[in-house]
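Beneath this line is the structure, given in structure tokens, with notes to follow.
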Amino acid sequence: MPKLPEDVIRDEIRALAPYRIHDSSGLIKLDAMENPFELPDALSQEIGELVRAAAINRYPDPAASKLKAQLRETMQVPADSEIMLGNGSDELIQIVAMAVARRNAVLVGVEPSFAMFSMIACYAGLRYCPISLRRDFSLDDERVLAALTEHKPALTVIAYPNNPTGNLFEADALIRIVEAAPGLVLIDEAYHAFAGASLMPRLAEYPHLLVMRTLSKLGLAGLRLGYLTGTPTVIAQLDKLRLPYNVNVLTQIVAERVLRNIDVLMEQAAAIKRERRRLHGAMQRMPNLQVYPSAANFILLRSPRANAVFEGLKQRGVLIKNLNGVHRLLSGCLRVTVGTPPQNRAFMRALSECLQKS
Ligand SMILES: *Cc1c(COP(=O)(O)O)cnc(C)c1O
């Protein structure tokens with residue numbers, strides 16, 4: 001018998017560090033890749049009406065059929081692919097992981113990448129096998145291909161574009177990996193709206209390929225809605241693991257309404273991309289700062305004084321993400337989400353002060 005009640009918890013769970021979210025009250029929040037823009041008044045009014053009339057005493061449609069149909073149309077999901085919805089794409093990663101988690105099954109990922117991949121491997125009891133990116137954050141396809149041969153992963157997960165590095169891997173290298181992978185391949189396209197590249201049009205060529213996206217980075221982070229697309233027979237199996245009412249009533253009706261006005265979100269994404277270019281150019285002219293190219297709504301930076309810059313920005317009212325020490329390849333790295341023009345100006349002013357103080 002365990003001595004303390006918590007001892008009954010699996011060892012690997014007790015060994016995990018909790019996923020901490022930094023307190024952002026009173027700060028300009030440029031740490032979590034949220035869309036900083038608001039919806040137009042008329043659309044928010046309409047959403048208010050829909051929410052008021054919503055049947056929150058009833059369970060949601062378990063299949064979320066109307067929302068799925070709207071997503072299929074808006075996001076041009078290929079007609080021969082199926083869609084599964086998640087309470088955020090995090091939930092979808094977890095469902096895929098659970099589905100393949102036979103004893104000794106392996107998840108291959110690249111590092112540095114999105115932290116939830118390794119966390120979820122642990123939750124599901126998969127053996128996590130990370131393959132390092134090259135120093136310039138490009139995909140080391142030779143090493144990934146070798147890992148596929150050696151470990152025969154049940155699941156290979158790659159973010160495209162990658163978080164936190166912001167780059168889009170070379171499509172040919174990615175395809176070589178998809179073609180060689182013995183198990184399922186999950187391509188996480190959370191930043192699709194800012195990237196202009198996708199493997200979704202190629203779903204029909206590869207029955208083991210899954211392409212996942214989210215509405216979080218596009219402007220609906222608070223609703224928690226992710227979608228997974230893939231071969232109907234594979235999605236039908238994965239769907240058995242989805243809890244029956246995982247997408248709530250309010251998310252279903254609000255997301256469907258906003259998707260009908262997708263041009264609003266796409267114009268905001270276009271504004272974010274313009275700001276990304278401006279920010280990138282301005283930061284490249286700053287001393288002692290390395291700025292990486294980005295195909296996402298954030299930019300990775302490297303400074304010899306990363307911790308001091310992070311703290312200095314916070315003192316000046318701007319919260320970004322400190323990645324220094326998170327991974328060998330990320331020493332001195334910081335990640336800033338692209339904000340509104342005034343937020344970005346405030347960030348740039350604070351950043352140049354912090355860099356001059358050395
Ligand atoms: C932000 C992010 C997600 C999480 O998306 P949710 O839909 O909000 O759960 C998934 N993958 C990557 C790579 C991300 O950066």
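Structure above, values below:
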item	result
Scan of the range 11-43 for residues that are in contact (Cβ under 8 Å) with a residue 12 or more places away in the chain, surrounded by fewer than 16 Cβ atoms within 10 Å (Cβ to Cβ) and not β-branched (Val, Ile, Thr), ordered by number	GLU12, LEU16, TYR19, HIS22, SER24, GLY26, PRO40, LEU43
Odd one out for THR165, checked against (1) hydroxyl-bearing (Ser, Thr, Tyr); (2) more than 22 Å from LEU16 (Cβ to Cβ); (3) more than 14 Å from the ligand (Cβ to nearest atom); (4) within 20 Å of the chain's Cα centre (by Cα)	(3)
The one condition in (1) open to solvent by 60 Å² or more (accessible area, probe 1.4 Å); (2) within 20 Å of the chain's Cα centre (by Cα) that HIS327 fails to fulfil	(1)
Residues being open to solvent by 10 Å² or more (accessible area, probe 1.4 Å) and either more than 23 Å from ARG127 (Cα to Cα) or assigned to a helix (DSSP H, G or I) (or both) - total across the range 95-113	3
Options ALA64, ALA121, ALA101, ALA97; residue that is within 16 Å of the ligand (Cβ to nearest atom), farther than 14 Å from GLN252 by Cα, touching a residue at least 40 places away in the same chain (Cβ under 8 Å) and within 23 Å of the chain's Cα centre (by Cα)	ALA97
Subset of the range 78-94 [free of Cβ contacts under 8 Å to residues at least 40 places away in the same chain and either within 11 Å of the ligand (Cβ to nearest atom) or open to solvent by less than 40 Å² (accessible area, probe 1.4 Å) (or both)]	GLN94
Among (1) within 16 Å of the ligand (Cβ to nearest atom); (2) open to solvent by 20 Å² or more (accessible area, probe 1.4 Å) - the single one ARG72 does not satisfy	(1)
Selected residue (only one of ALA221, ALA193 is touching a Lys or Arg at 6+ places or on another chain (Cβ under 9 Å), open to solvent by 10 Å² or more (accessible area, probe 1.4 Å), outside any loop (DSSP other than H, G, I, E, B) and within 15 Å of the ligand (Cβ to nearest atom))	ALA193
Some residue of the range 135-145 being open to solvent by 60 Å² or more (accessible area, probe 1.4 Å), in a loop (DSSP other than H, G, I, E, B), over 21 Å from THR214 (Cβ atoms) and in contact (Cβ under 8 Å) with a residue 60 or more places away in the chain	yes
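Every residue, every condition in (1) under 14 Å from MET75 (Cβ atoms); (2) surrounded by fewer than 20 Cβ atoms within 10 Å (Cβ to Cβ), yes or no:
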residue	(1), (2)
PRO201	yes, yes
ALA204	no, yes
LEU228	yes, no
THR233	no, yes
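The values are calculated or read from the model by the stated rules, or taken from the named source; none is laboratory data. Note that the structure is a prediction, hence the values are computed from the model and not measured. Don't worry about glycine lacking a Cβ; one is built from the backbone with ideal geometry, like all the others, and counts go over all protein chains shown. For the accessible areas, the whole protein counts, side chains as well, though only heavy atoms, and no ligand, DNA or RNA atoms are used. Shrake-Rupley method; radii C 1.70, N 1.55, O 1.52, S 1.80 Å.
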